[in-house]
């Protein structure tokens, strides 16, 4: 998997309590932006963000901020995590937010 300036790669990491996501241009080895569930906007609504509802809310926020940066298409890199639970909720929220992958 490789991201470019026009279609960057979204890298997702999951721990027991949080999610971290970043959008990367692999050609220039540059992080365009990153966000995690430790952000104030997510923590304010979900004090314990290690559940599916928090992952879905995080996906909505991430999609909105990606759109603000002018990103509409991504390559989704789930870092080997199975596509279910929080990963699936996050991905579906990204699609609802308008990101294509």
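Derivation of every value follows stated rules applied to the coordinates shown; laboratory data play no part. Quick caveat: nothing in here was measured; it's all calculated off a predicted structure. Backbone-built Cβ (ideal geometry, glycine too); neighbour counts: all protein chains shown.
Below is a table of values for the structure above.
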read-out: Cα centroid separation, the stretch 39-101 to the stretch 1-35 (Å); value: 12
read-out: The chain: calculated mean residue ellipticity at 222 nm from DSSP helix runs of at least 4, using -39500 (n - 2.57); value: -10500 deg cm²/dmol
read-out: Highest-first arrangement of 67-74, 2-9, where packing means the average Cβ count within 10 Å; value: 2-9, 67-74
read-out: The chain - percent relative contact order, Cα under 8 Å, separation 6 or more; value: 29
read-out: Semi-axis lengths, Å, the stretch 9-96, gyration tensor of Cα atoms, sqrt of 5 times eigenvalues; value: 20, 14, 12
read-out: Tilt relative to the chain, helix 86-96 - C-alpha long axis, 0 to 90 degrees, to 10; value: 60
read-out: Rounded tilt (10° steps) of 52-68 against the dominant C-alpha axis of the chain; value: 30
